[in-house]
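> Below is one structure. I have some questions about it.
The values are calculated or read from the model by the stated rules, or taken from the named source; none is laboratory data. Quick caveat, the model's predicted, so the values are computed rather than measured. Positions of Cβ are backbone-derived with ideal geometry, glycine not excepted, and every protein chain shown enters the neighbour counts. Surface accessibility is based on the protein's heavy atoms, side chains included, excluding ligands, DNA and RNA. Shrake-Rupley method; radii C 1.70, N 1.55, O 1.52, S 1.80 Å.
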Amino acid sequence: MSTLTATAEEPRTTPARPAYRVTGRRVLASEWAKLWSLRSTWITLGLGLLFLVAFGLIAASRYKSEIGSAHMDPDFAASTAVSLSLFGTNFAQLALGVLGVLVTAGEYSTGMIRSTLAAVPRRLPVLWSKAAVFGLVALVVGTLGAFVAFGFGSGIVSGTPAAMSLSHAGVLRSLLGAGLYLGLVGVIGAALGALLRSVAGGISVLVAALMLIPGLISLLPSSWQNDISPYLPSNAGESMFALTHDSTALSPGAGLLVFVCWTALALGGAAYRLARTDA
């Protein structure tokens with residue numbers, strides 16, 4: 001009887017389960033894996049790189065063919081190898097910005113965001129990780145495209161008044177500034193996707209902020225334009241990588257500060273909605 005009692009009173013052991021913790025590194029790793037698992041990532045990043053390089057080469061080739069001709073536009077004649085090579089930045093920003101919207105808003109459209117937030121209940125690390133991962137990818141793609149476009153473009157315009165090399169003052173800063181600008185555009189796109197939770201809405205606001213609003217500002221009186229225009233996202237971003245600046249444009253440092261403020265504003269709005277409302 002005592003033997004049976006002792007056997008019955010022995011505690012049952014259950015197999016130890018591994019302890020999993022949600023850490024910042026693991027959240028970053030999961031967002032990295034999700035980003036590269038999508039076919040749209042490869043396609044859109046390829047388009048962004050193609051736009052940046054191809055339009056830069058087209059602009060440089062056109063300059064080379066028209067140099068010295070009487071019908072050449074005076075503004076175009078004053079171009080440099082840097083401005084010609086970075087001509088495709090406006091097109092690349094759309095591709096990278098749209099992909100940033102898809103990175104966040106795409107999960108809301110498919111319902112996958114519920115699983116993501118169930119795995120990371122604190123929520124905000126998801127937003128920071130998405131923005132950091134895609135911002136880094138957009139930065140690398142933008143910087144690579146800027147240097148490739150300049151490498152080929154400077155070769156095309158060699159021997160013309162626009163010819164420049166990396167050793168010229170401001171060239172390296174302009175190329176790095178273009179890459180940084182495109183990286184921040186990607187972060188803004190991701191923030192707009194999380195804020196609006198709609199692919200169409202995020203893309204619409206992105207296009208309006210970067211392309212439509214600057215055109216509408218030109219309808220205002222010139223005195224207003226000079227006060228407002230330099231602080232618009234696209235104009236402030238352009239100041240980051242422009243080789244020369246006129247009296248109405250911001251300096252590269254001021255342009256970077258203004259554009260970072262716009263980025264922080266978009267991320268702040270996205271963080272507020274993510275923390276306050278249900279998925």
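> Which is modelled with pLDDT of 90 or more and open to solvent by less than 40 Å² (accessible area, probe 1.4 Å), of 200, 271, 264? Full working, then the answer.
Working: 200 fails: open to solvent by less than 40 Å² (accessible area, probe 1.4 Å); 264 fails: open to solvent by less than 40 Å² (accessible area, probe 1.4 Å).
Only one candidate qualifies: 271.
> Given the condition in contact (Cβ under 8 Å) with a residue 24 or more places away in the chain, of a type outside the set (Phe, Trp, Tyr), buried (at least 20 other Cβ atoms within 10 Å of the Cβ) and farther than 22 Å from residue 83 by Cα, answer yes or no: does some residue in the range 208-218 qualify?
No, the range 208-218 has no match at all.
> Next question. Could you check the range 12-125 for helices (runs of 4 or more DSSP H) lying wholly inside it with 3 or more residues that are surrounded by fewer than 22 Cβ atoms within 10 Å (Cβ to Cβ)?
Because the criterion is at least 3 residues that are surrounded by fewer than 22 Cβ atoms within 10 Å (Cβ to Cβ), the helices (runs of 4 or more DSSP H) in the range 12-125 that meet it are 24-36, 39-66, 74-77, 89-110, 112-119.
> Look at residue 190 and say whether it is within 12 Å of the chain's Cα centre (by Cα) and either open to solvent by 30 Å² or more (accessible area, probe 1.4 Å) or farther than 21 Å from residue 129 by Cβ (or both).
Taking the combined requirement at face value, the residue does not satisfy it.
> All but one of (1) surrounded by fewer than 18 Cβ atoms within 10 Å (Cβ to Cβ); (2) part of a helix (DSSP H, G or I) hold for residue 205; which doesn't?
Residue 205 satisfies all of (1) surrounded by fewer than 18 Cβ atoms within 10 Å (Cβ to Cβ); (2) part of a helix (DSSP H, G or I) except (1).
> Go through the range 142-160 and give me each residue that's among the aliphatic types (A, V, I, L, M) and either surrounded by 15 or more Cβ atoms within 10 Å (Cβ to Cβ) or outside any helix (DSSP H, G or I) (or both).
Of everything in the range 142-160, those that are among the aliphatic types (A, V, I, L, M) and either surrounded by 15 or more Cβ atoms within 10 Å (Cβ to Cβ) or outside any helix (DSSP H, G or I) (or both) turn out to be 146, 148, 149, 156, 157.
> Moving to a separate point now. Considering each residue of the range 97-115, count those that are small (Gly, Ala, Ser) and without any contact (Cβ under 8 Å) to a residue 40 or more places away in the chain, and give that number.
Result for the range 97-115: 2.
> Could I ask something else about it? Examine the range 220-229 for a residue that is open to solvent by 50 Å² or more (accessible area, probe 1.4 Å), closer than 22 Å to residue 79 by Cα and either in a helix (DSSP H, G or I) or in contact (Cβ under 8 Å) with a residue 60 or more places away in the chain (or both), and state whether such a residue exists.
Checked against the condition, which is being open to solvent by 50 Å² or more (accessible area, probe 1.4 Å), closer than 22 Å to residue 79 by Cα and either in a helix (DSSP H, G or I) or in contact (Cβ under 8 Å) with a residue 60 or more places away in the chain (or both), the range 220-229 yields no hits at all.
> Within the range 124-139, count every residue that is closer than 15 Å to residue 182 by Cβ and of a type in the set (Phe, Trp, Tyr).
Qualifying residue count for the region: 1.
> Follow-up question, since we're still on this one. Return the pair list, or none, for Cβ contacts closer than 9 Å from residues in the range 65-80 that are closer than 18 Å to residue 152 by Cβ to residues that are among the hydroxyl-bearing types (Ser, Thr, Tyr) and surrounded by 10 or more Cβ atoms within 10 Å (Cβ to Cβ), at least 6 apart or on different chains.
Sorted first by the residue in the range 65-80, then by its partner, the pairs are 67/160; 79/63; 80/244.
> Can you tell me which of (1) part of a helix (DSSP H, G or I); (2) open to solvent by 40 Å² or more (accessible area, probe 1.4 Å) is the one residue 246 doesn't meet?
The one condition residue 246 does not meet is (1).
> Which one of these is in contact (Cβ under 8 Å) with a residue 24 or more places away in the chain and open to solvent by 40 Å² or more (accessible area, probe 1.4 Å): 166, 139, 175? Step through it out loud before you land on a result.
Values: 166 fails: in contact (Cβ under 8 Å) with a residue 24 or more places away in the chain; 175 fails: open to solvent by 40 Å² or more (accessible area, probe 1.4 Å).
Answer to the check: 139.
> Please pick out the residue among 183, 193, 155 that is more than 30 Å from residue 63 (Cβ to Cβ) and not aromatic (Phe, Trp, Tyr).
The match here is 193.
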